[in-house]
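To start, the structure itself, in structure tokens.
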């Protein structure tokens with residue numbers, strides 16, 4: 001069964017460093033998303049991406065964040081100058097159409113020290 | 001402001017018993033409602049998705065109901081198993097936004113004990 005894959009599963013980085021989280025969405029999906037879940041809290045929407053551009057973003061998704069689809073398969077989230085409060089699980093998801101269910105990856109646990 | 005509220009916050013039941021989780025929402029205009037199961041440290045997995053015209057949908061031992069008039073949904077789990085222990089998240093989408101920018105509930109943490 002097709003699935004969304006994310007790498008790495010766990011990333012530890014020093015405060016102020018840049019990190020890139022990687023995702024391979026399901027191959028025939030057209031809509032891609034990033035979410036964040038701080039430990040013990042609910043899932044929060046960060047950004048959606050369609051047709052090679054951001055279609056929607058939340059207030060969390062400020063200039064520190066950027067997304068890219070560098071080739072036909074990968075979808076990346078870059079966090080510049082990480083802060084301690086960026087420590088969270090980051091989930092990538094994809095969907096085939098605008099308002100159909102989103103399939104989630106297993107997440108990348110980011111720890112900023 | 002769009003909101004999704006779930007109850008109870010947590011629930012403990014014995015294996016084999018049934019349970020019902022609740023979701024109330026104020027998302028408008030309504031497009032669809034989804035229930036996800038999230039195991040600890042894993043990504044959410046979709047259980048059901050319902051649109052305005054659907055008032056019940058089943059997926060194995062999971063049955064979701066939707067009352068679009070009262071803006072309430074429930075997830076009923078029948079004959080619970082130890083593997084049902086997880087967080088169950090209600091997610092509601094509004095029209096004219098894509099599924100990604102949905103409103104997530106805080107989840108109900110279900111623990112099934114032997």
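All of the numbers you see were taken from the coordinates with simple rules; none came from a lab. All figures in this text were calculated on a predicted structure; none of them were measured in a lab. As a convention, Cβ positions derive from the backbone with ideal geometry for all residues, glycine included, and neighbour counts pool all protein chains shown.
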* Would you tell me the mean number of C-beta atoms belonging to other protein chains that fall within 10 Å of each C-beta in B:101-114, as a whole number? => 2
* Starting from the Cα coordinates of the protein assembly as shown, work out the convex hull volume and express it per residue in Å³. => 124 Å³
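Within 10 Å of each Cβ in peptide B:43-52, how many partner chain Cβ atoms are there on average? Round it to a whole number, please.
Values: counts 15, 9, 2, 5, 1, 1, 4, 0, 1, 0.
Neighbouring Cβ atoms belonging to other protein chains average 4 per residue here.
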* **chain B: mean projected area of Cα convex hull, nm²** => 6.7 nm²
* Asked: In a GNM of chain A with a 10 Å cut-off on Cα contacts, which of A:24, A:12, A:67 has the highest mean-square fluctuation?
  -> A:12
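Using a 10 Å cut-off around each Cβ of peptide B:82-92, what is the average number of partner chain Cβ atoms that fall inside? Write down the numbers at each step before the final one.
On the way: counts 0, 0, 0, 0, 0, 2, 0, 2, 0, 4, 0.
The shielding value for this peptide is 1.
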* **Of B:59, B:24, B:32, the one that fluctuates the most in a GNM where chain B has Cα springs shorter than 10 Å** => B:59
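Give me the Å³ per residue figure for the convex hull around the C-alpha atoms of the range A:27-113. Working shown, then result.
Details: hull volume 9.1 nm³, N = 87.
Taking only Cα atoms, the range A:27-113 has a hull volume of 105 Å³ per residue.
At 25 °C and 0.890 mPa s, what whole-number value in µm²/s does Stokes-Einstein give for the translational diffusion of the range B:48-96, with Rh from the Kirkwood sum over Cα pairs? Before the final figure, lay out each step's value.
Values: Rh = 12.0 Å.
So the translational diffusion coefficient is about 204 µm²/s.
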